[in-house]
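Peer 1: Below is a structure I'd like to ask you about.
Derivation of every value follows stated rules applied to the coordinates shown; laboratory data play no part. Owing to the predicted nature of the structure, the values given are computational and were not obtained by experimental measurement. Cβ atoms come from the backbone with ideal geometry, glycine included; neighbour counts cover every protein chain shown.
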Amino acid sequence: MSIALAVKQLTKTYSNGKKALEGVDLTVPEGSFFALLGPNGAGKSTLINILADTVKPSAGEVSFLGHDLFTERKWCKQRLGVVPQEIAFDPFFNPRDILKIMSGMFGVKPDMKWIDELLERLELAEHAQKNARMLSGGMRRRLLVAQALVHKPKVVILDEPTAGVDVELRKRLWGFMRELNANGTTILLTTHYLEEAEELCDHVAIINQGKLLTSQSMKGLLDNVGSSSLVLEYAEPKTISDDIKNKLADFCPRTQENKVILSLKKCDGHTNFNDAYQAALACWGEAISVNIQDEDLEDVFLRITHENQS
Amino acid sequence: MNWYGCWTLYSRETRRFLNVKMQTVVAPALTAVMYLIVFRYAMGERSVPNLDVPYFNFLIPGLVMMSMMQNAFANTSSSIMVGKLMNMQIFLMMAPLTAFEVTLAFLAAAVTRAFIVAVVLLLVLVPFTDMHIEHLWMILFYGVCGSIIMGGMGMIGGMWSKTFDDMALLNNFIIMPLTFLSGVFYSVKQLPETWQAANHFNPFFYLIDGFRHGFLNVGDTDPSQAVAIVSIATLTTIFACWQLWRTGWKLKD
């Protein structure tokens, strides 16, 4: 298996003293569709910005398609496309010109066929001649995606590309990304829509507070770490006091509308269902209904980041 | 060398000001014409003391050079400033362009804008005088160097400024005084001796005087000394821009 991206002991402390990354190791296989997850402020964007060369690392190494990212920047940049999290656009030009300029800056003579295809696929074709200032937020974000793809990079990094993009469009955008991935492009994405990550990605890494918590295949994560949870439904919403939180720390209690959710763990082939159920009864009394649910990525994500914090 | 990338950035920076030529080319021309009308009637047929040239002829090259320098500064500083505020700078940083290529493209675009403004101004102003070109090399040398120095200062100013307020501070308290006090409107020989001496520390003074020399064949400075000072200032500016961009000064945390 060849490696698209190998990050070793990457550390970043900002000039204001904030530690964003504390020795992150991460390996992204070539051709993978890789999800990088983590709560807000976990360090995802810092990591991506270091790869994109908009933030300087404090320490660490990155190998990109076998080349050293920091000493062979130019070679690496020609093969990397990044969709930044924050919307940015050139207010002087229209989308078609912006794509031509972006392509040119990468040293690639604009391939108009590809630019037209990008505009078409990202549903910007009818706005191609409008000044970028006239575009809506969602259109500007799609333009960012087009800009990242215009030089046909081998590796594409998307930092929350679907924030503010409606459901239908999001689906079509992911369809396009899937096609690119099927044609050999490595895709690394961060998103807050965990169900999207679960559906799209074959690999997943979770970082929190500047540290890597886990990195493995999506299936592996869901099989090994993903167990099940106990869902108790009550007549009215319940609150989880700090006291209960501490008492039930093993189950990572959380609420969702009228439901209380407790994570179950497998131990010697059995789950700790009984302990969890008894504890819930003691805290909140009888429930209207009780269900056992297999964990999805969201539960796993919440549990892993929660365990790490406490 | 990513020549195509460098060329693209240069053409982006050029198209940016051509897209708004009313404010970047026509407005400076109009301002200069108004200066000339005002001074033409205020000064009449008077000559500049010690230089023996009509004041009107004396003024034109100075005004042209001043416009060139201000426009070169505006081109780079506004581009970097807008880029920072709109978060657009990231595209430049993500592109496989070296700091040298970026510096080259920005400064070349600044020189282009300065020369377009100069040509427009001269076309508008020259019909009113009997002035002609005496030393073309001087006009080109000081024109190019002045635009590079000011374009470079614009780049550095753009990187340094966090807000438009910072930029206005730089423009109004450093750039404007240095240009106004550099002998555009007077010959330094008209000044008291201390000020004459002080002017020799103002780099803009050599640029304006040298440029004017190219048209009038008279000047306040020793030409070989001026060429040396301006060359050193130009190379220093290019080097500073290149190094500051390379280290991501004020751009990358």
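Peer 1: How much FRET efficiency would the formula 1/(1 + (r/R0)^6) give for A:Gln256 and A:Glu199, where r is the Cβ-Cβ distance and R0 is 22 Å, rounded to 0.05?
Peer 2: Working: r = 21 Å, r/R0 = 0.93.
The computed FRET efficiency comes out at 0.60.
Peer 1: Evaluate the charge dipole of segment A:3-222 about its Cα centre and quote only its size in Debye, nearest 20, assuming +1 on the Cβ of each Lys and Arg and -1 on the Cβ of each Asp and Glu. Intermediate values should be presented prior to the final figure.
Peer 2: Details: 28 positive and 26 negative charges, 114 e Å.
Computed about the Cα centre, the dipole is about 540 debye.
Peer 1: Okay, next question. Taking the Cβ of each residue in B:Thr112, B:Thr103, A:Thr255 as the centre, tally the other Cβ atoms inside 10 Å and list the residues starting with the fewest.
Peer 2: Working: B:Thr112 21, B:Thr103 26, A:Thr255 14.
Ordered by Cβ neighbours within 10 Å, fewest first: A:Thr255, B:Thr112, B:Thr103.
Peer 1: Distance check, please: which entries in B:Lys162/B:Lys252; A:Lys12/A:Lys77; A:Lys77/B:Lys21; A:Lys211/A:Lys265; A:Lys56/A:Lys77; A:Lys44/A:Lys152 exceed 22 angstrom between their Cα atoms?
Peer 2: Values: B:Lys162/B:Lys252 13 Å; A:Lys12/A:Lys77 20 Å; A:Lys77/B:Lys21 34 Å; A:Lys211/A:Lys265 24 Å; A:Lys56/A:Lys77 15 Å; A:Lys44/A:Lys152 24 Å.
Violating the 22 Å limit, Cα to Cα: A:Lys77/B:Lys21; A:Lys211/A:Lys265; A:Lys44/A:Lys152.
Peer 1: Continuing with this model, one more query. Place +1 on the Cβ of every Lys and Arg and -1 on the Cβ of every Asp and Glu in segment B:84-204, take the dipole about the Cα centre, and give the residue among B:Trp160, B:Phe115, B:Ile133 whose Cα lies farthest towards its positive end.
Peer 2: Working it through, the farthest residue towards the positive pole turns out to be B:Trp160.
Peer 1: Net charge near A:Ala249: determine it from the other residues with C-beta under 14 Å of the C-beta of A:Ala249, scoring Lys and Arg +1 and Asp and Glu -1. Please list the in-between numbers first.
Peer 2: Details: positive: A:Lys245, A:Lys247, A:Arg254, A:Lys265, A:Arg303; negative: A:Asp242, A:Asp243, A:Asp250, A:Asp275, A:Glu307.
So the environment of A:Ala249 carries a net charge of 0.
Peer 1: Modelled label-to-label distance, A:Ile87 and B:Phe164, 7 Å Cα→beta-carbon offset: nm?
Peer 2: 2.0
Peer 1: Tally Lys/Arg at +1 and Asp/Glu at -1 over every other residue whose Cβ is under 12 Å from the Cβ of B:Lys84; what's the total? Walk me through the numbers on the way to the answer.
Peer 2: Numbers: positive: B:Lys162, B:Lys250, B:Lys252; negative: B:Asp166.
Charge balance near B:Lys84 sits at +2.
Peer 1: Add -39500 (n - 2.57) for each DSSP H run of 4 or more in chain A, then divide by its residues: what number comes out at 222 nm, to the nearest 500 deg cm²/dmol?
Peer 2: Working: 10 runs with 102 residues, N = 310.
Dividing the helical sum by the residues of chain A leaves -9500 deg cm²/dmol.
Peer 1: Which percent, nearest 5, of DSSP beta bridges in segment A:3-222 are antiparallel? Walk me through the numbers before you get to the answer.
Peer 2: Values: 21 of 37 bridges.
If we restrict to bridges inside segment A:3-222, about 55 percent are antiparallel.
Peer 1: If we count other beta carbons within 10 Å of each Cβ, what is the order of B:Arg212, A:Arg133, A:Arg170, fewest first? Let's see the in-between values first.
Peer 2: Details: B:Arg212 29, A:Arg133 12, A:Arg170 18.
The most exposed by this proxy come first: A:Arg133, A:Arg170, B:Arg212.
Peer 1: Same structure again: Dipole size in debye (nearest 20) for the protein assembly as shown around its Cα centre, Lys and Arg Cβ +1, Asp and Glu Cβ -1?
Peer 2: 1380
Peer 1: While we're looking at this one, here's another question. Quick one: net charge of B:Tyr142's neighbours, Cβ under 15 Å, K/R +1, D/E -1?
Peer 2: Details: positive: B:Arg212; negative: B:Glu134, B:Asp209, B:Asp220, B:Asp222.
Taking every other residue near B:Tyr142 into account, the sum is -3.
Peer 1: Scan around A:Leu189 for amide H atoms under 5 Å from its own, H built in the peptide plane at 1.01 Å from N, and keep only partners 5 or more places away or cross-chain.
Peer 2: A:Phe34, A:Ala35, A:Leu36, A:Leu158
Peer 1: With each label point set 7 Å from Cα along the Cα-Cβ vector, what nm distance links A:Ser15 and A:Asp111?
Peer 2: 4.0
Peer 1: At a Förster radius of 25 Å, what calculated FRET efficiency corresponds to the Cβ-Cβ distance of A:Ser58 and B:Phe100, to the nearest 0.05?
Peer 2: Computed FRET efficiency for A:Ser58 and B:Phe100: 0.45.
Peer 1: Could you pull out which residues in segment A:150-184 have an amide N less than 13 Å from a spot 7 Å beyond the Cα of A:Glu123, following the Cα-Cβ vector?
Peer 2: A:164-176
Peer 1: Using a basic spin-label model with each label point 7 Å from the Cα along Cα→Cβ, how many nm lie between A:Asp243 and B:Ala197?
Peer 2: 8.4
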